[in-house]
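The structure under discussion appears below in the form of structure tokens.
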Amino acid sequence: MKNKIPVKTELIAIDKDQVLTEAMVLMEKKNISHLLVRDEGEIVGIITERDIADKFANFRDLKTERKLKSEQFHVSSAMNKNLKTIPFDAKITDAAKLMIENGISSLPVVENNKITGIVTKTDLIKEVNQSGKEVAGFYSKVPVTITLGSSIVSARKVMLNHGIHRILVTDEKGEKLLGILSERAVASALRDFRSALDKYKHADVRKLKVDDYMKRDPITINPDVTVSEAAEIMCEKSISGLPVVDDVPGILTKTDIVRGISEGKVP
């Protein structure tokens with residue numbers, strides 16, 4: 001693994017006055033989970049899929065008679081102005097520690113007091129291509145699950161309560177893995193609901209079900225798979241979590257690998 005952080009110099013940004021649906025389209029087009037936010041050409045913040053889901057799922061608004069529609073939400077209303085940055089010459093372990101400590105997935109890179117690039121969890125896990133460590137020592141062995149037929153709203157609440165970005169979907173008995181629901185899928189579902197308000201005044205958010213938005217038959221791994229093999233799958237398939245199939249089931253995420261890097265357990 002390299003010592004210096006791998007920096008991407010392409011800065012993908014959106015104007016603070018654009019609407020959240022436009023931010024989602026850009027994220028989906030670029031296959032990323034964050035966007036830098038600009039105001040008159042200057043970077044003033046960052047917005048993530050979680051920020052968008054949080055905004056669309058504003059329960060105080062959803063309980064009102066006159067619910068806000070998707071085009072009424074602007075990037076400025078959901079962005080995070082408290083940017084965490086990292087120097088261009090920092091070490092990979094420094095970036096990993098900052099991400100874990102602050103619960104974030106990306107860090108703008110600063111050189112000469114100017115943001116010149118960005119480093120993400122994906123960039124970090126790409127650097128573990130020589131790790132022979134098995135994922136058995138890194139994955140979460142008590143996965144958070146939800147059953148098929150549950151509402152998107154309830155899934156979102158579970159994610160928030162547990163501080164996670166994806167959730168496994170099982171059958172009613174909780175025995176069979178049927179799919180995985182990501183934060184991006186939740187944001188897409190809530191966007192669809194807000195769009196429905198353009199046509200149906202009394203659209204009911206509770207009718208949004210995980211069945212319609214989850215990724216069915218997700219890719220799974222065994223606990224004896226190496227960290228480098230798991231990271232390669234994640235990067236090739238553009239996914240952030242891999243269910244682990246074993247007597248002790250669980251899930252391995254990019255965060256788990258980055259935490260291993262931060263603690264010096266993943267060489």
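MET99 falls short on exactly one of the conditions (1) part of a helix (DSSP H, G or I); (2) assigned by TED's automatic domain parsing to the domain that holds ALA231; (3) not charged (D, E, K, R), and that condition is (2). When the criteria are applied in full, LEU190 fails the requirement of being touching a Phe, Trp or Tyr at 6+ places or on another chain (Cβ under 8 Å), under 19 Å from ASP256 (Cβ atoms) and either touching a residue at least 12 places away in the same chain (Cβ under 8 Å) or assigned by TED's automatic domain parsing to the domain that holds ILE221 (or both). For region 115-138, the count of residues that are hydroxyl-bearing (Ser, Thr, Tyr) and under 15 Å from the mean Cα position of the chain (by Cα) is nonzero.
Within region 176-194, the set of residues being among the aliphatic types (A, V, I, L, M) and farther than 17 Å from ALA23 by Cα comprises LEU177, LEU178, ILE180, LEU181. Among the residues of region 43-58, those identified as of a type in the set (Gly, Ala, Ser) and either surrounded by 23 or more Cβ atoms within 10 Å (Cβ to Cβ) or at pLDDT 95 or above (or both) are GLY45, ALA53.
The condition of being in contact with a helix residue (DSSP H, G or I) (Cβ under 8 Å, 6 or more places away or on another chain), of a type in the set (S, T, N, Q) and not in a loop (DSSP other than H, G, I, E, B) holds for only one of SER188, SER154, that being SER188. Every condition in (1) part of a helix (DSSP H, G or I); (2) in contact (Cβ under 8 Å) with a residue 40 or more places away in the chain; (3) more than 22 Å from LEU148 (Cβ to Cβ) is met by GLU229 except one, and the failing one is (2). Could you tell me which residue of region 105-140 is surrounded by the most Cβ atoms within 10 Å (Cβ to Cβ), considering only residues that are of a type outside the set (Ser, Thr, Tyr) and in a loop (DSSP other than H, G, I, E, B)? The qualifying residue surrounded by the most Cβ atoms within 10 Å (Cβ to Cβ) is PHE138.
Within region 17-50, being over 20 Å from SER195 (Cα atoms) and in a helix (DSSP H, G or I) holds for one residue alone: LYS30. The condition of being at pLDDT below 90, farther than 23 Å from SER33 by Cβ and surrounded by 12 or more Cβ atoms within 10 Å (Cβ to Cβ) holds for only one of LYS199, LYS207, that being LYS207. Restricting region 168-186 to residues that are under 13 Å from the mean Cα position of the chain (by Cα) and of a type in the set (D, E, K, R), the residue that is farthest from SER238 (Cα to Cα) is GLU183.
When region 210-249 is examined, which residues are found to be polar (S, T, N, Q) and exposed (fewer than 15 other Cβ atoms within 10 Å of the Cβ)? Of everything in region 210-249, those that are polar (S, T, N, Q) and exposed (fewer than 15 other Cβ atoms within 10 Å of the Cβ) turn out to be ASN222, SER238. Summed over region 157-175, the residues that are in a strand (DSSP E or B) and either farther than 30 Å from LEU20 by Cβ or outside the structural domain of VAL225 (by TED's automatic domain parsing) (or both) give a count of 1.
The values are calculated or read from the model by the stated rules, or taken from the named source; none is laboratory data. The shown structure was predicted, so the numbers you read here are calculated from the model rather than taken from an experiment. Positions of Cβ are generated from backbone atoms using ideal geometry, with glycine treated the same way; all protein chains shown enter the neighbour counts.
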